[in-house]
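Enquirer: Below are the structure tokens for one structure; questions will follow.
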Amino acid sequence: MAARILDGNKIRDDILAELAAKVEDIAERGVKPGLAAVLVGEDPASEIYVRNKTRACDRIGAFSETVHLPAESTTQDLLELINRLNCREEIDGILIQLPLPGHIDARAALSAVSPSKDVDGFHPINVGRLATGTPCLAPCTPRGLIEILKRSEIPIAGKRAVIVGRSNIVGKPAALLLLAEHATVTICHSRTPDLAAVCRQADILVAAIGRPAFLTREHIGEGAVVLDVGINRVSNEAVAERLLGHAPKRLERFRKSGKALVGDVHPGDVAEIAAAYTPVPGGVGPLTIAMLMSNTLDSATRRLSRSGSDASA
Ligand code: NDP
């Protein structure tokens, strides 16, 4: 039977439509959610990411502003800016677009964001709350994984989840969120012996590695659900032919443009073996922005409760 494709664009659209209705509701009670995006320096990819995030704000009716600091700004300049944003009542979420220029202390910057406005979920207080099962703002991409599973009615409780990758942004928080949903969780990394054998045991396999098509048929158990977080740009023709041979239209597009996006899982192998999987592009990626909007709205809703204007709460 053909594997089920978990369509991240569709799930994102559903979520954004639900959030837009909620934004309208709290706007009637006097609060408009606000997101501030901070960009330091001139990184074209970061500028595109931030533009996509502010567009999503427009789409749900939230307010957004982008603050652009010059590349030569110091850590102190950034900390002062974050402090000003922390103090502004109408800003519910602050996101510091990564990567920051090398001379800036990224850890200090992320820790300076007020935990209540930390819509990326990177502040140590939110990380601690996530680890202890306390309500918190959780990182967006891992939250997106849970949303994909739940909205696709794929059970998590009691299932064996294997995550490849242990980054603070994806792998570790994904493990904590899956654990909170009662999965039995294994985290793998570059020192894991016999990775393929561990991966094959997974009912839910999460790939967050950053290497094109690193997981192949030997890593995927028959009938597994595979969530591919990886976003890798391929420009080598031989590699593209090896990875996209099963998809003539994608290969044709590669030949025209000279580039293609692939995940961390071999796209042909996963389609053959898995029960369900997220494609790249169009799988996990779209959920990240949807969850950023969801975190911003949660933060705004707490502002409404604090302001006491929420008569119906
Ligand atoms: P990191 O580079 O921070 O982490 C990669 C992880 O993969 C590390 O834990 C590393 O292990 C592990 N790894 C590397 N090589 C191997 C190997 N040979 N065998 C087993 N494990 C290995 O990456 P991120 O977590 O930040 O991102 C992962 C991918 O997800 C990237 O492609 C990134 O672009 C994408 N991404 C996508 C997002 C989205 O919105 N869809 C959001 C964030 C990221 P070790 O710790 O031992 O080095």
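The values are calculated or read from the model by the stated rules, or taken from the named source; none is laboratory data. Everything numeric in this text was worked out from a predicted model, so none of it was measured. Note that we place each Cβ from the backbone using ideal geometry, even for glycine, and neighbour counts take in every protein chain shown. Just the protein is used for accessible areas: all its heavy atoms, side chains included, with ligands, DNA and RNA removed. Shrake-Rupley method; radii C 1.70, N 1.55, O 1.52, S 1.80 Å.
Quick grid of which residues meet (1) assigned by TED's automatic domain parsing to the domain that holds Pro267; (2) under 20 Å from Met291 (Cβ atoms); (3) of a type in the set (Gly, Ala, Ser):
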residue: Pro155; (1), (2), (3): yes, no, no
residue: Asn168; (1), (2), (3): yes, yes, no
residue: Pro193; (1), (2), (3): yes, no, no
residue: Phe214; (1), (2), (3): yes, no, no
residue: Gly230; (1), (2), (3): yes, yes, yes
residue: His246; (1), (2), (3): yes, no, no
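Enquirer: May I pose another question? Is it true that some residue in the stretch 36-59 is over 19 Å from Lys117 (Cα atoms), at pLDDT 95 or above, touching an Asp or Glu at 6+ places or on another chain (Cβ under 9 Å) and surrounded by fewer than 16 Cβ atoms within 10 Å (Cβ to Cβ)?
Expert: Scanning the stretch 36-59 turns up no residue that is over 19 Å from Lys117 (Cα atoms), at pLDDT 95 or above, touching an Asp or Glu at 6+ places or on another chain (Cβ under 9 Å) and surrounded by fewer than 16 Cβ atoms within 10 Å (Cβ to Cβ).
Enquirer: Next question, about the same structure. Out of all the residues in the stretch 93-103, which are open to solvent by less than 10 Å² (accessible area, probe 1.4 Å) and hydrophobic (A, V, I, L, M, F, W, C)? First the steps, then the outcome.
Expert: Within the stretch 93-103, the subset open to solvent by less than 10 Å² (accessible area, probe 1.4 Å) is 93-96.
Ile94, Leu95, Ile96 - these are the residues of the stretch 93-103 that are open to solvent by less than 10 Å² (accessible area, probe 1.4 Å) and hydrophobic (A, V, I, L, M, F, W, C).
Enquirer: Can you name the condition, by its number, that Pro248 falls short on among (1) more than 21 Å from Met1 (Cβ to Cβ); (2) at pLDDT 95 or above?
Expert: So Pro248 meets the others, but not (2).
Enquirer: Mind checking whether some residue in the stretch 241-257 is more than 28 Å from Leu35 (Cα to Cα), open to solvent by less than 40 Å² (accessible area, probe 1.4 Å), part of a loop (DSSP other than H, G, I, E, B) and in contact with an Asp or Glu (Cβ under 8 Å, 6 or more places away or on another chain)?
Expert: Taking the stretch 241-257 first, the residues more than 28 Å from Leu35 (Cα to Cα) are 241-257.
Then keep just the ones that are open to solvent by less than 40 Å² (accessible area, probe 1.4 Å); that gives 243-244, 247, 251, 254.
Going one step further and asking which of them are part of a loop (DSSP other than H, G, I, E, B), we end up with 247.
Now narrow it down to the ones that are in contact with an Asp or Glu (Cβ under 8 Å, 6 or more places away or on another chain): none.
No, there is no match, as no residue in the stretch 241-257 is more than 28 Å from Leu35 (Cα to Cα), open to solvent by less than 40 Å² (accessible area, probe 1.4 Å), part of a loop (DSSP other than H, G, I, E, B) and in contact with an Asp or Glu (Cβ under 8 Å, 6 or more places away or on another chain).
Enquirer: Further question on the same structure: Which pairs turn up if I take residues in the stretch 170-191 that are more than 13 Å from Val229 (Cβ to Cβ) and touching a residue at least 12 places away in the same chain (Cβ under 8 Å) and look for partners that are assigned to a helix (DSSP H, G or I) and within 8 Å of the ligand (Cβ to nearest atom) with beta carbon separation below 6 Å, at least 6 apart in sequence or on another chain?
Expert: Cys188/Leu195
Enquirer: Only residues that are open to solvent by 50 Å² or more (accessible area, probe 1.4 Å), away from the ligand (no atom under 16 Å from the Cβ) and touching a residue at least 40 places away in the same chain (Cβ under 8 Å): list them for the stretch 109-156, please.
Expert: Ser116, Ala131, Gly133, Arg151
Enquirer: How do the strands (runs of 3 or more DSSP E) wholly within the stretch 157-237 filter down when requiring 1 or more residues that are within 10 Å of the ligand (Cβ to nearest atom) and in contact with a Ser or Thr (Cβ under 9 Å, 6 or more places away or on another chain): which remain? Let's see the steps before the verdict.
Expert: On the way: elements: 160-164, 184-188, 204-207, 225-228, 232-234.
The strands (runs of 3 or more DSSP E) meeting that bar are 160-164, 225-228.
Enquirer: Could I ask something else about it? Applying the selection to the stretch 274-293, what residues are open to solvent by 10 Å² or more (accessible area, probe 1.4 Å), more than 10 Å from the ligand (Cβ to nearest atom) and touching a helix residue (DSSP H, G or I) at 6+ places or on another chain (Cβ under 6 Å)?
Expert: From the stretch 274-293, those open to solvent by 10 Å² or more (accessible area, probe 1.4 Å) are 275, 277, 279-282, 285-286, 288-289; that's our starting set.
Checking the rest, the ones that are also more than 10 Å from the ligand (Cβ to nearest atom) come to 275, 277, 279, 282.
Tyr277, Gly282, listed by residue number.
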